[in-house]
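The structure appears below as structure tokens.
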Amino acid sequence: MSPGPWALAAALLLAGCASLPKDVQRPVSTALDHPEATALGQLVASKQPAATRSDLSGFALLASPNMAYAGRLALTEQASKTLDIQYYTIHVDPTVRNLLRAVRAAAQRGVRVRILLDDFNSVGRDALVMRMADIPGVQMRMFNPLPGSRSAGLWRALGSLHDFQRIQHRMHNKLYVADNAWGIIGGRNLGDVYFGTATGSDFIDMDVLAAGPVVQRISASFDRYWNSLLAYPVASLVTSAELRQLRETTRPRPADSADEPAREAPALPPALDLATLPLTWAPAGLLVDSPLKLMPAEDGAPVEGAVIEGLLSLLSRAQHDVVIVSPYFVPGPQMMMLFTDLKARGVRVRVLTNSLASTDALLAQIGYARHRKQLLRLGLELHETRAQARARLQDTMSGFTSKGTRASLHAKLVIVDGRILSIGSMNLDLRSKLQNSEIALVIHSPALARQAGEQVQHMIDAAAWKVTLTQDDTLLWQAPQETPPAVVGHDPDTSLWLRFLAKLLAPLTPDEML
């Protein structure tokens, strides 16, 4: 039974009265000082070739869902001193419960665990991840929190509309670091849909595992966010009793917490064997936004982030070829000027993004669509992921189709001239530039760039529409080989209603908000 108008009004009133706690205690802590003294640190040293410069770091792409999960499990099981986990979203589902059991086991053997989670999506069942804060040895903070009840996200968001400038800025960083020696950065959050175990949906994603000096820079970025005034300890926002009550009211499925046995758990891979994993050694830099980006300026002007500015600078130096993989691709004026310059210099620019059918963010797709014809006229090559193909950016890319599964692109990477690979949490859109905080590795390695490029090209060839313009300026979607023919004039695999809704919402979605 739906609530009556008086109940809705009361809920809004209560939500509007909620506020964040004052005088919050945030004990300062930092990353491990001497990672080289740990077993993981010693493993890094043993794997580095003798002729390799000491300032180089080792890397391995985690392109398949299995490798992505196995890599995080390996870091968790082999950490001996510290484990730092920072994400935009953590879903409480079977895959994550398995991983969190390993995190709890790490804490029980004396590992200091710090979990930093953006607070926007921590409602309903997903708020139950905050119970990790009750485990001895685990510290958990919520970044840029919203006040109010966690039972329903809508009322919570409506109750914060008076603080819209603040709540629209979100911590989008994603990293997983063990002993300040090994770390993972990429596009994945934590959840079934990111590890290939969800039913009916799947995110196509990519991470990179890093070992060596660059990990210390990753840890330093975590420390800045962890010790920020926008990071609130869980205990300052919600009590254990409130979380227990929430658990009782949001349990359509069994085993809601990390300390309960999951039923019908998915088949998950064992931990990655770090000792035998081949690493590519290369110089690398880290682009990371300041947490101050999420604190609106007094004059209301947006603070541009270092990550997108750094990527645009990197792209501007391209000589021959640029590959962009961005699930939400909304180029603003600066990006359009950059693309104009690149094409004027004869640089090939290929873009892989979502189609209207595959996207999980309709408004972002609307923003991309309004620029699509202009991008094509400039000479960019546009490719859009097909929703029907379960196409994963994985090691072999074999067996890419599975009927009944909806695929959505979520990987975020840039390849420049076949020699530089940047991979991280960022999208090439104005939200990543102006609203969210992001993080990205920039790796100067032709070998890694080639490996990532081959997987992207396989994805383009096997499971993406190629978008072009006809002679009469009509959009044309060309299908991959051995699939139905081209579609002219409208987004393929979509209903008339979805296309109508996209047109209806287009005037209400400025690029700056996407």
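The values are calculated or read from the model by the stated rules, or taken from the named source; none is laboratory data. These numbers were taken from a predicted model, which means no experiment stands behind them. Positions of Cβ are generated from backbone atoms using ideal geometry, with glycine treated the same way; all protein chains shown enter the neighbour counts. Heads up: the accessible areas ignore ligands, DNA and RNA and are worked out on the full protein's heavy atoms, side chains in. Shrake-Rupley method; radii C 1.70, N 1.55, O 1.52, S 1.80 Å.
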Rounded to one decimal in nm, the spacing of the 7 Å Cα→Cβ label points at residue 417 and residue 512 is 3.6
Per-residue ellipticity at 222 nm attributable to helices in the chain (runs of n ≥ 4 DSSP H, -39500 (n - 2.57) apiece, nearest 500 deg cm²/dmol) works out to -9000 deg cm²/dmol
The Cα radius of gyration of the chain, divided by 2.2 N^0.38 Å with N its residue count, comes to 0.96
Surrounding charge for residue 376, neighbours by C-beta under 15 angstrom, Lys/Arg +1, Asp/Glu -1, total +3
So for R0 = 51 Å, FRET eff. of residue 334-residue 248 from the Cβ-Cβ r, to 0.05, ends up at 0.55
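Please give the length that would be gained between residue 321 and residue 28 if that part of the chain were fully extended, namely 0.36 nm times their separation in residues minus their C-alpha to C-alpha distance (nm, one decimal).
101.0 nm
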Per residue, accessible area of the chain with a 1.4 Å probe, heavy atoms of protein chains only, in Å², comes to 41
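Where does segment 448-514 land on Rg/Rh, using Cα atoms and the Kirkwood Rh? If you can, show how the numbers build up before the last one.
On the way: Rg = 15.7 Å, Rh = 14.5 Å.
Result for segment 448-514 is an Rg/Rh of 1.08.
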In segment 180-256, the trypsin sites (Lys or Arg not before Pro) that sit in a DSSP loop and have at most 12 other Cβ atoms within 10 Å of their own Cβ are none
Percent antiparallel among DSSP beta bridges confined to the chain, nearest 5, equals 65
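Distances over 16 Å make up what percent of all Cα-Cα pairs in segment 324-385?
Percentage above 16 Å: 40.
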For the chain, the percent of accessible surface on carbon and sulfur atoms (probe 1.4 angstrom, ligands and nucleic acids excluded) is 57
For residue 328 the rounded accessible area (nearest 10 Å², probe 1.4 Å, non-protein molecules ignored) is 30
Residue 239 and residue 369 label points (each 7 Å along its Cα→Cβ direction) are spaced in nm at 4.8
Computed on Cα atoms only, the convex hull of segment 65-222 has an orientation-averaged projected area in nm² of 9.3
FRET efficiency for residue 223 and residue 273 from the Cβ-Cβ distance with R0 = 22 Å, rounded to 0.05, comes out at 0.15
Descending accessible area (1.4 Å probe), largest on the left, turns 240, 122 into 240, 122
Here Rg/Rh (Cα, Kirkwood) for segment 93-139 equals 0.97
Diffing segment 221-237: the Karplus 3J(HN,Hα) column from phi (6.51, -1.76, 1.60, θ = phi - 60°), in whole Hz with x for Gly and Pro, holds 5, 4, 4, 4, 6, 4, 8, 6, 5, 8, 9, 10, x, 3, 4, 7, 10
Descending accessible area (1.4 Å probe), largest on the left, turns 281, 182 into 281, 182
